[in-house]
1. Quick check on my filter: what residues within the range 339-380 are crowded, with 20+ Cβ neighbours inside 10 Å and part of a strand (DSSP E or B)?
2. Within the range 207-225, take every residue that is surrounded by fewer than 19 Cβ atoms within 10 Å (Cβ to Cβ) and either polar (S, T, N, Q) or not assigned by TED's automatic domain parsing to the domain that holds residue 264 (or both) and give me the one that is modelled with the lowest pLDDT.
3. Residues in the range 353-374: is at least one modelled with pLDDT of 85 or more and in contact with a helix residue (DSSP H, G or I) (Cβ under 8 Å, 6 or more places away or on another chain)?
4. Say we look at the range 213-264 and pick out the residues that are more than 11 Å from the chain's Cα centre (by Cα) and aromatic (Phe, Trp, Tyr); which of these is farthest from residue 407 (Cα to Cα)?
5. Against the condition assigned by TED's automatic domain parsing to the domain that holds residue 386 and under 26 Å from residue 200 (Cβ atoms), how does residue 288 come out, does it pass?
6. Does residue 280 satisfy being over 32 Å from the mean Cα position of the chain (by Cα) and not charged (D, E, K, R)?
7. Which condition number does residue 179 fail, the rest of (1) within 26 Å of residue 118 (Cβ to Cβ); (2) in contact with a Pro (Cβ under 7 Å, 6 or more places away or on another chain); (3) not basic (Lys, Arg) being met?
Amino acid sequence: MAVLGLVFSQSAHGELSERIEKLWQARLYDQAYQLLQDAVAKNELDGTAHNLLARSYAEGLGAVQDPVRRMRHVRMGAQAGNAEAMYALGEAYANGDGAAQSAMSAAYWFEKAAADHPMAAFRYAEIQLANRGALQGAHDPITMLRYAADEGVAPAQYLLARLMVGGEVPMTTGDDPVALLQAAAEGLPDARTALGVIEHRAGRHEQAAEAFRAAHANGSRRAAAYLGHYAEAGIGRPIERQHALTYYREASDIAWAREGATRIERHLRSPEILGFRVYGATRGEVAEALTARGIERADGEAHFDAYDISELFPEAAQAVLTAAYAPGRPAFLAELHYRIDAESTRELRRIWMEIDEALERRYGVAASHTRDRDAQIKTWRIEGTEIRLRTAPRDTRVHLTYHMVPFVDQLEEVLRKRSGRTGETSHVF
């Protein structure tokens with residue numbers, strides 16, 4: 001008799017939940033809430049009904065919003081085995097929203113719902129992977145992640161693709177991280193950004209920029225950082241530093257975007273030489289500015305471009321301009337070096353005085369001035385740029401060097417590694 005009573009009770013609860021769900025689907029929330037209240041009074045709620053009542057209090061559907069009552073019914077629904085309520089309780093523990101924050105408790109409830117709830121499966125996998133196996137769990141997190149991805153959970157597709165690309169999840173036949181990212185991209189800006197990164201690394205910059213723009217339109221700050229990089233470096237379009245600065249500032253929580261903003265701000269205040277501002281100038285920009293003035297390129301090396309500037313100093317025996325670049329893409333100008341050879345000591349002094357007066361007119365008195373038998377050196381410092389004027393009377397030569405900090409340090413590190421020397425400074429000449 002007791003068994004028959006239990007079967008009858010479960011059947012009655014099921015019928016009640018079906019009636020309430022139909023009212024919800026018809027958006028008749030007031031009627032649904034009234035039935036739920038009646039069932040509360042009779043203690044006739046099952047897990048599904050508890051979950052619906054929790055949603056009523058959470059969203060104010062047929063009832064006044066009440067977070068305390070909402071959590072009470074979330075717990076009761078979870079304890080009664082409702083997957084949606086178990087997932088909601090897991091989120092409450094994960095975020096500390098209505099429950100004390102606890103990754104262990106969150107993983108416990110996500111695990112209980114995982115087999116029937118793809119989002120719970122993803123959250124279980126995410127917590128397990130973040131804690132690197134430190135939490136006990138009945139399910140393999142990668143299996144749960146794959147299940148959630150197969151069910152169309154965009155964050156799961158994104159995370160699984162990232163793990164595949166990073167080599168943390170071995171790929172099996174049929175695995176396609178790009179397809180996963182494409183599936184996730186519609187609803188997840190970070191996935192679209194990741195697609196853009198893949199295109200960028202493959203050199204398909206037009207497709208990459210399109211992906212970054214779409215992700216940025218949906219709020220991805222990482223995409224904004226990449227758009228800043230494209231605008232600053234002139235990838236696929238002319239250099240647009242003001243646009244780049246706007247994008248970099250938007251992505252200021254990303255370290256390299258903050259560095260980019262600082263670089264552009266310094267660029268805008270840096271010295272202007274031969275039609276371009278030196279700090280943060282790119283290799284292509286330098287070449288374009290110099291060739292536009294009719295300055296011809298001479299022989300250079302991997303990180304150096306040399307130019308014949310004799311026409312700028314007609315009184316000199318020889319004049320060469322060397323532009324040295326920091327490693328990487330884009331290759332920012334690290335050092336701009338004038339070497340001017342004079343035919344006599346008298347000509348050398350005249351060239352020195354001409355350059356010195358021009359620098360003082362533009363930048364004021366030098367920050368330092370040293371002189372000995374071998375050399376005379378004057379130094380100016382302007383917004384990350386060190387300008388050094390040096391003469392070596394014994395070889396009748398004047399050197400004028402613009403050092404872009406920290407790019408020159410990056411270049412010298414590469415040169416030290418290449419030469420096998422340590423503790424020795426490398427120079428163009």
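1. Within the range 339-380, 340, 378, 380 qualify.
2. 218
3. Kept after step one, since they are modelled with pLDDT of 85 or more, are these residues of the range 353-374: 353-371.
Right, trim to in contact with a helix residue (DSSP H, G or I) (Cβ under 8 Å, 6 or more places away or on another chain) and you get 366.
Yes: the range 353-374 contains one or more residues that are modelled with pLDDT of 85 or more and in contact with a helix residue (DSSP H, G or I) (Cβ under 8 Å, 6 or more places away or on another chain).
4. 247
5. yes
6. On the way: over 32 Å from the mean Cα position of the chain (by Cα): no; not charged (D, E, K, R): yes.
Considered against the rule, which asks whether it is over 32 Å from the mean Cα position of the chain (by Cα) and not charged (D, E, K, R), residue 280 comes out as no.
7. Unmet condition: (2).
Here's the yes/no breakdown for (1) touching a residue at least 24 places away in the same chain (Cβ under 8 Å); (2) of a type in the set (Lys, Arg):
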{"site": "334", "(1), (2)": "yes, no"}
{"site": "341", "(1), (2)": "yes, no"}
{"site": "346", "(1), (2)": "no, yes"}
{"site": "351", "(1), (2)": "yes, no"}
{"site": "354", "(1), (2)": "no, no"}
{"site": "361", "(1), (2)": "no, yes"}
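The values are calculated or read from the model by the stated rules, or taken from the named source; none is laboratory data. This structure is a prediction, so every number in the text was calculated from the model and none was measured. Don't worry about glycine lacking a Cβ; one is built from the backbone with ideal geometry, like all the others, and counts go over all protein chains shown.
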